[in-house]
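Working notes for the structure below.
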Amino acid sequence: MIYAIIGARGGSAYRGKNLKKINRIPLLAWPINTAKKCHFDGVYFSSDDELYLDIAKQWGATVVKRPAKLATDTAPDIIWIKHLMESFDKTPDLMILLRPTTPLRDPVVVQKGIKFITHYMDSLRSVQELCEPIEKMAHLTKSFKFMGKEFEKMNAPRQGYKTAYHPNGYFEILRPLVIEKTDTLFGKNVYGYLTPKTIEIDDEEDYEMVKLLALRKGFLNGQ
């Protein structure tokens, strides 16, 4: 049994982003549509925002009101997910987390991820290849000084380094049993699944770019 889980809090730094529309469909409805196309056994939506809950219900999700204390800027995902799990009538074998801020998903890719996960994997996270290896990245101090890097190595050809991968928001496949036993979302045996590149919407520039990509790639109905 597989449940899709979706979360959206009302107090995001990018105000109202989950209500932003792509092809006339609000962002929070896109993962609901993806889950319905994948024919999961349940689609659950968690939020502290009544408007979000109403819209998610209209689009076909089972909604659960999240307490305000679990919807702060610093609240980790595991807090609201464990709260959401308490509302389940039956515990699923898997949960697949679909974030509204990464709307452009192919349901076929999501279904392939489900088929890929095996018994020895505690969890599976979608990833995409980085354009540069991690050895060519750095932190800056508050005064914008580079920290702890050998610049000769940073400037070396990228072909000399291993390919690096970045966890994206395409999907995260979780096991409720692992969460209950370890009090962590992902457990110890975390695997990656390579997906097409995607964009997570964190600001207005991201939003405008995703709108263009939706038109270009034919995402016309919130799938």
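Once the gyration tensor of the Cα atoms in the range 41-141 is diagonalised, the equivalent ellipsoid follows with semi-axes of 28, 21, 15 Å, ordered largest first.
A Cα-only calculation for the range 172-223 places Rg and Dmax at 16.4, 44 Å. The helix-only estimate of mean residue ellipticity at 222 nm for the chain, built from DSSP H runs of length n ≥ 4 each weighted as -39500 (n - 2.57), is -8000 deg cm²/dmol after division by the residue total.
Along the Cα-to-Cβ line of residue 184, 7 Å from the Cα, sits a label point; which residues in the range 105-129 have backbone N less than 18 Å from it? Backbone N within reach: 118-126.
Full extension of the segment from residue 111 to residue 204, taken as 0.36 nm per residue of separation minus the current Cα-Cα distance, would add 30.5 nm. Listed values for the range 185-200 are Karplus-derived 3J(HN,Hα) couplings in whole Hz (6.51 cos²θ - 1.76 cosθ + 1.60, θ = phi - 60°), namely 6, 10, x, 9, 9, 9, 10, x, 10, 6, 10, x, 4, 9, 10, 8, and x replaces Gly and Pro.
A cut-off of 5 Å between modelled amide H atoms, ignoring neighbours fewer than 5 places along the same chain, links residue 127 with 168, 193, 194, 195. Percent of C-alpha pairs per 10 Å bin in the range 110-223, short distances first: 12, 27, 30, 26, 5. The alpha carbon radius of gyration of the chain, expressed as a multiple of 2.2 N^0.38 Å, is 1.08. Using alpha carbons only, how many degrees (0 to 90, rounded to 10) separate the axis of helix 204-217 from the longest principal axis of the chain? That works out to roughly 80 degrees. For the peptides 137-145, 211-219, the ranking by packing is 211-219, 137-145, with the highest mean count of neighbouring Cβ atoms within 10 Å listed first. For the range 65-119, the equivalent ellipsoid built from the Cα gyration tensor has semi-axes of 25, 17, 10 Å, listed from largest to smallest. When you restrict to C-alpha pairs under 8 Å that are six or more residues apart and normalise by the size of the chain, the relative contact order lands at 25 percent.
In terms of its Cα atoms, the range 1-98 spans 35, 33, 18 Å along the principal axes, sorted from long to short. Counting only alpha carbon atoms, the long axis of helix 107-116 and the longest principal axis of the chain meet at about 80°.
When 40, 116 are sorted by how many other C-beta atoms sit within 10 angstrom of their C-beta, beginning with the fewest, the order is 116, 40. Mean-square fluctuations from a GNM of the chain, with a 10 angstrom spring cutoff on Cα atoms, peak among 25, 117, 134 at 134.
Bear in mind these aren't lab numbers, they're just calculated from the coordinates by the rules spelled out. As the structure is a computational prediction, the values presented were derived from the model and not from experiment. A quick note on method: Cβ atoms are made from the backbone with ideal geometry, for glycine too, and the neighbour counts reach across all protein chains shown.
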